[in-house]
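These notes concern the structure reproduced below.
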Amino acid sequence: MKSYMVSRYASLDAYTPGEQPQDMEYIKLNTNESPFPPSPKVTAAISGEEIEKLKLYSDPEGKELRDAVAKYFGFKRENVLLGNGSDEILAFAFFAFCAGEECIFPDISYGFYPVYAQLVGANATEAPLDENFSVDVNDYIGASKTVIIANPNAPTGKALPLSDIEKIVASNPDNVVLIDEAYVDFGGESAISLVHKYENLIVCRTFSKSRSLAGARLGFAVASEGLIADMNRVKYSLNPYNINRLTLLAGKASIEDDEYFLKNVKQIIDNRKYTVSELEKRGFDVLPSSANFVFAKKNGKSGLDLYLELKKRGVLIRRFGKDRIKDYLRITIGTKTQMCKFFEKLDEII
Ligand code: PMP
């Protein structure tokens, strides 16, 4: 068929999301979701009455949820922007701060960064991770371009200390530094407090991982009022009602249930310790993880074979094709029962 797509996008290399199979029940350790249900307060918040109200548009300003997020982190509503997943926050930021200009992010990181860069026509530099798979801070100090760093990084799980993040932010006063903290709740040091001090910093977070709301699609940014206003201009040029009514309620109920949140995070951290030690017993090299997943490989074993053999046995994990990491498996931390099942299947294979 003839292509009708504009030439600018004809070669757009789109993001490939992790598999979300609808055909059978897998032990799903492939897209870093939480194995736990959302807080019971979320269930209670989405009542029949609220479903009836779906006939009305949602609040485009998301005032109540922004106030709840702002209160939780000690900011004002004007410092908070909501996104349909943190993916949408990233999209707004790439449009607002990278379109037609330069940006820099690590070569092994979240696969959406190069896609958004291409989408908005940014000139992107992919800075190689160092020999230990760490982000090399020197690549970003005084970079003089928009900086995007996931901290902890994905898919490695490795985190930079806050002091390094501050060096990067402080040395780029004329450029935006976006720190993507999708996984920070599992052991990273958050840069949110630095937003009080630096007007060029955006911290981006998600409800998809530690708050068990991946399917609700909710993320947020905390930044100076000016940067939030810039991203809002993009939002109101694309999709003003970007957060639906039920998600606004779910997010508020979730952020107001700290006890449940902390309990689940602790459980994941405990299960991660267990997973790392069991992998190491089996001769895997495991990168130190501050996230709800681990990145590991076993010498002499092909990552693709392990992935396929696990899938055949009903266990889904994530594997990436890039040469340097092709034999690594990214394994989401699930419940203890799920991890035991994972090891049972792994032992059948190795
Ligand atoms: N940032 C990173 C580093 C991620 O791994 C993900 C999850 N795929 C996201 C952002 C986006 O998550 P969500 O859109 O579900 O908030």
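The values are calculated or read from the model by the stated rules, or taken from the named source; none is laboratory data. Every value quoted in this text rests on a predicted model; they were computed, and no experiment measured them. With ideal geometry, Cβ positions are generated from the backbone for all residues, glycine too; neighbour counts draw on all protein chains shown.
Below are the figures for this structure:
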quantity	calculated
Members of the stretch 77-116 found to be among the small types (Gly, Ala, Ser) and assigned to a helix (DSSP H, G or I), listed by number	Ser86, Ala91, Ala93, Ala96
Enumeration of residues in the stretch 76-92 that are small (Gly, Ala, Ser) and more than 8 Å from the ligand (Cβ to nearest atom)	Ala91
Filtered residue count, the stretch 7-43, keeping only those that are over 26 Å from Leu310 (Cβ atoms) and either assigned to a helix (DSSP H, G or I) or of a type in the set (Asp, Glu) (or both)	9
Failed criterion for Ile51 (all others in (1) within 15 Å of the ligand (Cβ to nearest atom); (2) β-branched (Val, Ile, Thr); (3) at pLDDT below 95 hold)	(1)
Among the residues listed as Ile325, Ile331, the single one being under 18 Å from Thr31 (Cα atoms) and either surrounded by fewer than 20 Cβ atoms within 10 Å (Cβ to Cβ) or in contact with a Gly (Cβ under 6 Å, 6 or more places away or on another chain) (or both)	Ile325
In the stretch 322-344, the residues that are in a helix (DSSP H, G or I), in contact (Cβ under 8 Å) with a residue 60 or more places away in the chain and not hydrophobic (A, V, I, L, M, F, W, C)	Arg324, Lys336, Gln338, Lys341
Top-ranked residue of the stretch 1-34 - restricted to ones that are more than 16 Å from the ligand (Cβ to nearest atom) and of a type in the set (Phe, Trp, Tyr), ranked as surrounded by the most Cβ atoms within 10 Å (Cβ to Cβ)	Tyr26
Residues of the stretch 211-248 satisfying the condition of being of a type in the set (Gly, Ala, Ser) and under 14 Å from Val69 (Cβ atoms)	Gly219, Ala221, Ala223
Index of the failed condition, Lys298 passing every other in (1) within 13 Å of the ligand (Cβ to nearest atom); (2) touching a residue at least 40 places away in the same chain (Cβ under 8 Å)	(1)
Inter-residue pairs, beta-carbon under 6 Å, first within 18 Å of Glu33 (Cβ to Cβ) and in the stretch 79-90, second among the aliphatic types (A, V, I, L, M) and more than 7 Å from the ligand (Cβ to nearest atom), 6+ apart	Gly83/Ile89
Meets criteria (surrounded by fewer than 13 Cβ atoms within 10 Å (Cβ to Cβ) and either out of contact with any Phe, Trp or Tyr (no Cβ under 9 Å at 6 or more places or on another chain) or over 12 Å from Ser212 (Cβ atoms) (or both)) for Leu238	yes
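Let's see how each residue does on (1) under 24 Å from Lys235 (Cβ atoms); (2) among the polar types (S, T, N, Q); (3) buried (at least 22 other Cβ atoms within 10 Å of the Cβ):
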position: Gly111; (1), (2), (3): yes, no, no
position: Asp139; (1), (2), (3): no, no, no
position: Ala159; (1), (2), (3): no, no, yes
position: Ile165; (1), (2), (3): no, no, yes
position: Leu178; (1), (2), (3): yes, no, yes
